[in-house]
1. Please report, in whole Å³, the volume per residue of the convex hull around the C-alpha atoms of region 64-117.
2. Do you know the relative contact order of region 1-86, to the nearest whole percent, from alpha carbon pairs under 8 angstrom that are 6+ apart?
3. Nearest 5 is fine: what % of DSSP beta bridges in the chain come out antiparallel, could you say?
4. Leaving out ligands and nucleic acids, and using a 1.4 Å probe, what accessible area per residue does the chain come to in Å²?
5. In sequence order, what are the phi-derived ³J(HN,Hα) couplings for region 13-24 according to the Karplus relation 6.51 cos²θ - 1.76 cosθ + 1.60 with θ = phi - 60°, rounded to whole Hz, with x for glycine and proline?
6. Rounded to the nearest percent, how much of the accessible area of region 1-117 (1.4 Å probe, protein heavy atoms only) is carbon and sulfur?
7. Say each of N73 and Q44 gets a label point 7 Å from the Cα, pointing the same way as Cα to Cβ; how far apart are those two points in nm?
8. Could you tell me whether the chain comes out rounded, prolate or oblate from its Cα gyration tensor? Rule is a ≥ b ≥ c as square roots of the eigenvalues, rounded for a/c under 1.5, then prolate if a/b exceeds b/c, otherwise oblate.
Amino acid sequence: QVHLVESGGGLVQAGGSLSLSCAASGSIGSGNVMGWYRQAPGKQRELVATITSGGTTNYADSVQGRFTISRDNAKNTVYLQMNSLKPEDTAVYYCYARPFTGWNRGRDFWGRGTQLTVSS
């Protein structure tokens, strides 16, 4: 199956920037969507951004214009560049992938999460 490993979380001041990465191993397939969700204490997990293998992106309104999602298909890696960070961005960020083709098509895969804390 697919394994997702996040990196890049940490502590940053409000207004600062940070970049997350997620490397996928296993049969992710040639057609897929990858992205980032986040979960703050006491809240449900919410969509942050997604990107398809073809490069189509989607962002939550709360991060539009501040975050940029990208990917390197050759490396099976998805990135999230976060700028102008706000305390409200504090959460555990989870990488996910959903293959559309291949052995694991139709299955959702999740990373273990990485903590982002934005100080005010």
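The values are calculated or read from the model by the stated rules, or taken from the named source; none is laboratory data. Treat the numbers as computed from the prediction; the structure is a model and nothing was measured. Cβ sites come from the backbone with ideal geometry, for glycine too, and all protein chains shown count toward neighbours. The accessibility values were calculated without ligands, DNA or RNA, using every heavy atom of the protein model including side chains. Shrake-Rupley method; radii C 1.70, N 1.55, O 1.52, S 1.80 Å.
1. Spread over its residues, the Cα hull of region 64-117 gives 109 Å³ apiece.
2. 32 percent
3. Roughly 90 percent of the DSSP beta bridges within the chain come out antiparallel.
4. Heavy-atom accessible area per residue stands at 53 Å².
5. 6, 4, x, x, 10, 7, 10, 10, 9, 9, 9, 9
6. The C+S portion of the solvent-accessible surface of region 1-117 is 47 percent.
7. Going by the 7 Å Cα→Cβ label model, 3.3 nm.
8. The shape class here is prolate.
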